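The values are calculated or read from the model by the stated rules, or taken from the named source; none is laboratory data. Since the model is a prediction, treat every value here as computed from it, not as a measurement. Here the Cβ is made from the backbone with ideal geometry for all residues, glycine too, and neighbour counts use every protein chain on show. Ligands, DNA and RNA are stripped out before the accessible areas are found, and what is left, the full protein with its side chains, is counted by its heavy atoms. Shrake-Rupley method; radii C 1.70, N 1.55, O 1.52, S 1.80 Å.
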Amino acid sequence: MATTVGTDLSRDRISNLADSTLVTILSRLCMDEAARCSILSSRWRHLFPSTLLNFRAFTRSGRNVVKAVTSILAAYPDEPVRSFRTGMLFFRPQDKAAVDVWLRDLSNRGIEELSLWFGFDEKRWPIPESLFACSSLRRLHVINGTFPDTTEAAAASLARLTKIELSDVSISQNSLSSLLSQCTVLEHLTIQFTGKLRSLHLGKVMRVETLMPSIKTLAVEMSYMKKGYTMWLMQLLKLFPHLETLYIKRDNSYVVEHTATGSVGDAATHPCMMNHLEKVVFEVFRGHKWEMEMAKFLHERCDFLKTMEFHCMDDASRKNYGGPPSEEWVRKRKELLCLDGRAAGDARFQFFKRQLAESHHEHCDDERYQRDYYRDMYDV
């Protein structure tokens, strides 16, 4: 028996795993952790290049990331890279050309997903024009950068994009219009503007001829709005005639609450263009007047609406600020919405005990995330 126990203890079960399994494990580690694991054995070292297929360009320490990424790409010039995602990047003066070098390199590796997160700085880091060389790109996510000036001819190289997420990205009106006009297969669009970009209105950027019938999911941040915000949203939604899911988010400012009254009435006779809208999600629902009016308006005007989600947050109680409101609070808001007055009685209205996760749009297709999504719902 002792011999049997000793044999079991000495067995290297990890080494018995298939190469594909080991590559999956390495791919889920940070860049520096994966590199350290690769020195454990010649087999692991041989597998490390395969992890570049889904390149997670960040480290636990956050140090020397830019230099490390440049070195790894140079060390394995023939390895394909399907997905390239960075953590928060900080650049030294000598790193000025690093992103340009990365994009030129990735453009020859069949890159399909690109996520760049530039460090929080008042001066947003410029995205080089070599982005347009990545013609195989299908998903683009940028945080806190400056988009290059774009013509329709240049944007045509990004025509395969199916998903665009721009957060705190400086982009001119002409460039945004040119980009979207060429992305004819785009299905998911998220644009969040803050700071100097709060005066940039998408309804004015995209003219009527920039219709985007391929878009099925749209996320809009309602910030620093004035009277007429519902008309602005209606004008915007006209550009997406086949929209199926609408995410509505507002920032932490209270300007909306005090300046956006009376907007729904202005749009009461506005023709509804949402003939395909099936789902509306309030990413952060505080029960404010503008949110209640917007929910009632969309509910009454969307004939094919199936689900409306409210991700609730308590912002009235100092003791529970940011936490889930009481069931009584939720029940009262549901009654005030008068949701039962609509003809289509098959629509579902779901109230959640938490705000929508910031990473929702990134992980919403993940099976585990989907399983856990409906766990924190109110029973009202």
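Surface calculation, 1.4 Å probe, protein heavy atoms: K216 sits at approximately 90 Å² accessible.
Here each label is just a point 7 Å from Cα along the line to Cβ, and for R375 and A357 those points are 1.0 nm apart. Surface listing: R160, R286 arranged by accessible area from highest to lowest gives R160, R286, probe 1.4 Å. Ranked from largest to smallest solvent-accessible area, with a 1.4 Å probe on the protein heavy atoms, H276, H188 come out as H276, H188.
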